[in-house]
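Here the structure is laid out as structure tokens; the discussion comes afterwards.
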Amino acid sequence: WGLTQAFFLCTVNHRGHHRAISMGNAAGLAAAAVLELALEGAVTMTNGRLTVTGPLPVPHLAPVYRYIEARQPLKARRVVEAFAITFTNRGPDALVAAVVAPLEATGAVTRDTSGLHGRRPRYLPNPRARDSVIRQIRTEFLEGGALSDEVVILAALLDRIDGLSQFFPPYERQMLRAQLREDPCPSGQRNGGRHDPVRRGARDHDAHLRYL
């Protein structure tokens with residue numbers, strides 16, 4: 001799964017309520033989509049403004065990609081606001097539908113249409129799918145695994161909405177946050193004397209969060 005799908009799996013509870021939306025922070029999903037597009041080289045952010053620089057990498061990012069493409073260059077915050085909760089919820093509904101389509105096809109989520117609220121279906125996460133995402137975060141941050149762009153940014157986004165607390169005890173969250181705050185190469189060198197380009201690249205994208 002991509003960054004945006006992993007974020008969704010970690011923020012929807014066992015009843016199908018999307019944590020980010022229930023917290024008034026549907027913007028988190030849009031921020032994940034923007035950052036995934038940046039990681040894939042499909043968009044570039046310069047001083048908080050987004051422009052399209054490559055083809056659409058995967059279908060589930062189409063709503064955000066097309067919005068940027070039609071209005072570029074535009075502030076990243078405008079994109080997030082467009083896909084946050086609105087009177088019609090058209091933006092967030094379109095993004096959620098795109099994100100969950102491949103998840104539903106692979107069994108990572110199940111659509112629940114019983115007791116529809118406002119004709120909006122709920123998506124119940126497969127515990128194994130969500131656990132695999134959390135296990136990847138644990139492996140990379142707490143068990144000495146190689147840090148990847150996607151997992152570093154996912155952890156930063158979850159921490160932003162207090163989404164780590166349901167998966168990690170306080171002492172582990174402190175360890176996670178310490179690594180999120182550290183310099184890409186604290187001692188100046190890693191990997192046998194070479195700067196770590198993956199960690200540095202993740203830190204660059206993480207810095208975009210202030211614009212989202």
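Observations
- Average Cα contact separation per residue, the stretch 37-89, under 8 Å, 6 or more apart, as relative contact order %: 30 percent
- A simple packing score, the average count of other Cβ atoms within 10 Å per residue, orders the peptides 2-11, 54-63 as 2-11, 54-63, with the highest score first.
- With the simple spin-label model, which puts each label point 7 Å out from Cα in the Cβ direction, the Thr53 to Gln174 separation comes to 3.9 nm.
- Three-way shape label, the stretch 97-179, alpha-carbon gyration tensor, a/c 1.5: prolate
- For Tyr123, the residues whose amide H sits under 5 Å from its own are Asp112, ignoring neighbours fewer than 5 places away on the same chain, with H placed 1.01 Å from N.
- The H on the amide N of Val43, modeled in the peptide plane, is under 5 Å from the matching H of Ala38, Thr53, each at least 5 residues off or on a different chain.
- log₁₀ of I(q)/I(0) at q = 0.31 Å⁻¹ - the stretch 26-82, Debye sum with one point per alpha carbon: -1.57
Values quoted throughout were computed directly from the atomic coordinates according to the rules given, and no laboratory measurement underlies them. These figures come from a predicted structure and were not determined experimentally. Note that we place each Cβ from the backbone using ideal geometry, even for glycine, and neighbour counts take in every protein chain shown.
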